[in-house]
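Here is the structure we will look at, set down as structure tokens.
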Amino acid sequence: MSIFNYKQRNNIILVAIVVLGCFLVYALSGLFSAILGAIVLFTIFRPLYLNLVEKRGWNKTISAVLIIFISLVVIVIPFLSLSIMVVNKISGINKDSLPIQEWIYKIDTFAASHLNQPKLAETTMQKLGAYVTELFPSIIGSAVNIVLTLLVMYFLLYFMFTQIKEFEAGLLKYAPFREQHALRFSQALRDSTYSNVLGQGIIAVTQGALLANGFWIFGIPDPIFWGVIGCFISFLPVVGAPTLTIPAGIILFANDHTLRGVLLLAYGLLFIGNVDNVLRMIINKRIANTHPIISVIGVFIGLPLFGILGLVFGPLLLSYFLLLLEIYQTNRLAADRLARIKTGNDS
């Protein structure tokens, strides 16, 4: 006869599950970006996959491979290419014969005579280069790590799609809340993913393109490079790409191009800024509304964990966490209600 009753055995099993789960999470921490990336891509491309397989009658394997190819061409390869360009540009900014060297010299001269800091600008640029290098760990790291992350991500994504019914049924079966709450969670998860990835992606690309166009018109060097920088910082709702026109305008003022400086500031702060607000309003109405506080805090959470990918993954994880808290609160209130009903019936 066992010395443990049913409840005690269940508690022991639960402790073993938690301990083993923590060990597995720790062991897979290096691939967390790949796992989260697979979830994001699955959420984004799920409607397309269902359309191809269920409505058009396409083969599951062909549909999954096609989606993998589309995501590589549209998302992964452009992001890697732009990231490499940014890292190389900023890392070599002190070696290139660019006008910015002249500006650095002027700032250093001023700082040496008034602040007793003879290499203020040069040191700042070097620190900036080192910081950007830290933000792109998957880009400047070994090619083996990049390939491994992509392989794991697409391996998971392939089986998520080809076994989509079993995958989603398993999620419903093992979800720690009722089916109606699980369906609500999946809907909210989809909306949050669309808002943080697709919505912010559209805003970032639009702002970056407008910024690059403005810098090209008003004669700022390397407009494409600054447009890419604008794309990345557009994920910060408080900052945004229009703020880059402020230092650019000051540079034009310092070089006696006052009219061009005023026009560039007006173009950035008024035109790009208002386009940004209009896009956010349209996207929030059609997809979902991600509060700016979630975006800002999420970025500070995501950057140390994922590097530049934290601009997307950080707000996404924070949104998922808050969503789980909401579901937990709903479950707790429902349990309290049932307990009160049961107590009333017993009395």
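The values are calculated or read from the model by the stated rules, or taken from the named source; none is laboratory data. Keep in mind that this is a model prediction, so the values were computed, not measured. As a convention, Cβ positions derive from the backbone with ideal geometry for all residues, glycine included, and neighbour counts pool all protein chains shown.
Which of the residues belonging to segment 230-276 are in a helix (DSSP H, G or I), among the polar types (S, T, N, Q) and farther than 30 Å from residue 297 by Cα? Across segment 230-276, the qualifying residue is only 258. Scanning segment 207-225 for residues that are β-branched (Val, Ile, Thr) and buried (at least 18 other Cβ atoms within 10 Å of the Cβ) yields one hit, 220.
Per this entry, residue 225 is counted among residues that are hydrophobic (A, V, I, L, M, F, W, C) and under 16 Å from residue 240 (Cα atoms).
Please find, within segment 264-279, the residue that is nearest to residue 199 (Cα to Cα) out of those that are β-branched (Val, Ile, Thr) and touching a residue at least 40 places away in the same chain (Cβ under 8 Å). The selected residue is 275.
Scanning segment 242-256 for residues that are of a type outside the set (Val, Ile, Thr) and without any contact (Cβ under 8 Å) to a residue 24 or more places away in the chain yields 247, 249, 253, 255, 256. Contact annotation: residue pairs with Cβ atoms under 7 Å, 6 or more positions apart or on different chains, pairing a residue in segment 293-322 that is farther than 16 Å from residue 35 by Cα with a partner that is of a type in the set (Phe, Trp, Tyr) and in a helix (DSSP H, G or I), are 308/232; 311/232.
Taking the condition part of a helix (DSSP H, G or I), β-branched (Val, Ile, Thr) and modelled with pLDDT under 85, does residue 202 pass? Here the answer is yes, as residue 202 does meet what is asked.
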